[in-house]
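Note sheet for the following structure.
The values are calculated or read from the model by the stated rules, or taken from the named source; none is laboratory data. As the structure is a prediction and not an experimental result, all values here were calculated from the model. Don't worry about glycine lacking a Cβ; one is built from the backbone with ideal geometry, like all the others, and counts go over all protein chains shown. Remember, those area values only see protein heavy atoms, side chains included, never the ligands or the DNA or RNA. Shrake-Rupley method; radii C 1.70, N 1.55, O 1.52, S 1.80 Å.
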Amino acid sequence: MIELLTAHTAELEHAVLTEARELLIGVFEGDMTVGDWEHALGGVHALLIEDGVLIGHASVVQRRMLHGDRALRAGYVEGVGVRADRRGRGHGGALMDAVERVVRGAYEVGVLGSSDEAVPFYRRRGWQPWRGPLCAITPGGLRPTPDEEGAVFVLPGSAPLDLDGRLACDWRDGDVW
């Protein structure tokens with residue numbers, strides 16, 4: 001039996017969060033840093049549980065984005081992953097359905113950074129690649145992040161977007177996007 005659970009970080013027991021972190025370390029084959037995990041905390045988690053075992057995770061956290069002359073309340077999707085032996089069964093779609101409901105219900109826009117392998121998955125779901133320049137809002141001002149171009153996707157919501165315009169994310173340690 002497969003169960004989809006959504007809960008805020010504060011509602012999850014330490015053991016569940018530890019299991020989710022370990023799952024993502026396996027999914028990303030060790031390329032999941034402590035900072036990456038911290039970025040996935042503080043928002044709503046979608047957890048896919050099969051016979052008592054966690055097989056998938058995704059979360060959405062609030063971030064501020066600057067676009068044009070507006071500061072946008074963005075639902076930023078983090079830590080999307082399904083155990084390798086459970087892929088290809090629609091589990092990633094179920095996780096994204098859950099976090100996209102949160103994005104659409106609580107935020108002006110959805111944003112995520114995608115791996116190369118996941119680009120077709122997000123495109124099929126209606127996420128659009130950001131075509132314009134990207135930067136981070138740092139203590140010293142705006143800093144271009146050209147290495148992220150082509151990897152940042154948005155799920156349009158209530159805010160008008162110019163996908164060719166500049167998009168700036170709030171600063172955070174580690175990967176800013």
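Some points to look at:
- Of all residues in segment 161-173 being over 16 Å from the mean Cα position of the chain (by Cα) and without any contact (Cβ under 8 Å) to a residue 60 or more places away in the chain, the one that is least open to solvent (accessible area, probe 1.4 Å): L163
- Considering V44, V27, V61, V53, the condition of being within 29 Å of A168 (Cα to Cα) and without any contact (Cβ under 8 Å) to a residue 40 or more places away in the chain is satisfied by V61 alone.
The rows are residues; the columns are (1) over 11 Å from the mean Cα position of the chain (by Cα); (2) among the small types (G, A, S); (3) open to solvent by 10 Å² or more (accessible area, probe 1.4 Å).
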position: S59; (1), (2), (3): no, yes, no
position: M65; (1), (2), (3): yes, no, no
position: A71; (1), (2), (3): yes, yes, yes
position: G75; (1), (2), (3): no, yes, no
position: D85; (1), (2), (3): yes, no, yes
position: G93; (1), (2), (3): yes, yes, yes
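- Filter result for G75 (more than 20 Å from D116 (Cα to Cα), among the small types (G, A, S) and either in contact with a strand residue (DSSP E or B) (Cβ under 9 Å, 6 or more places away or on another chain) or assigned to a loop (DSSP other than H, G, I, E, B) (or both)): yes
- Residue satisfying all of: in segment 52-82; at pLDDT 95 or above and of a type in the set (D, E, K, R); farthest from A7 (Cα to Cα) among these: R70
- Inter-residue pairs, beta-carbon under 6 Å, first without any contact (Cβ under 8 Å) to a residue 60 or more places away in the chain and in segment 78-102, second surrounded by 19 or more Cβ atoms within 10 Å (Cβ to Cβ) and among the basic types (K, R), 6+ apart: none
- Filter result for W130 (open to solvent by less than 50 Å² (accessible area, probe 1.4 Å), without any contact (Cβ under 8 Å) to a residue 60 or more places away in the chain and of a type outside the set (S, T, N, Q)): yes
Here is a yes/no grid of residues against (1) more than 24 Å from D31 (Cβ to Cβ); (2) modelled with pLDDT of 95 or more; (3) in a helix (DSSP H, G or I):
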position	(1), (2), (3)
L95	no, yes, yes
R101	yes, yes, yes
R123	no, yes, yes
V154	no, yes, no
D162	yes, yes, no
C169	no, yes, no
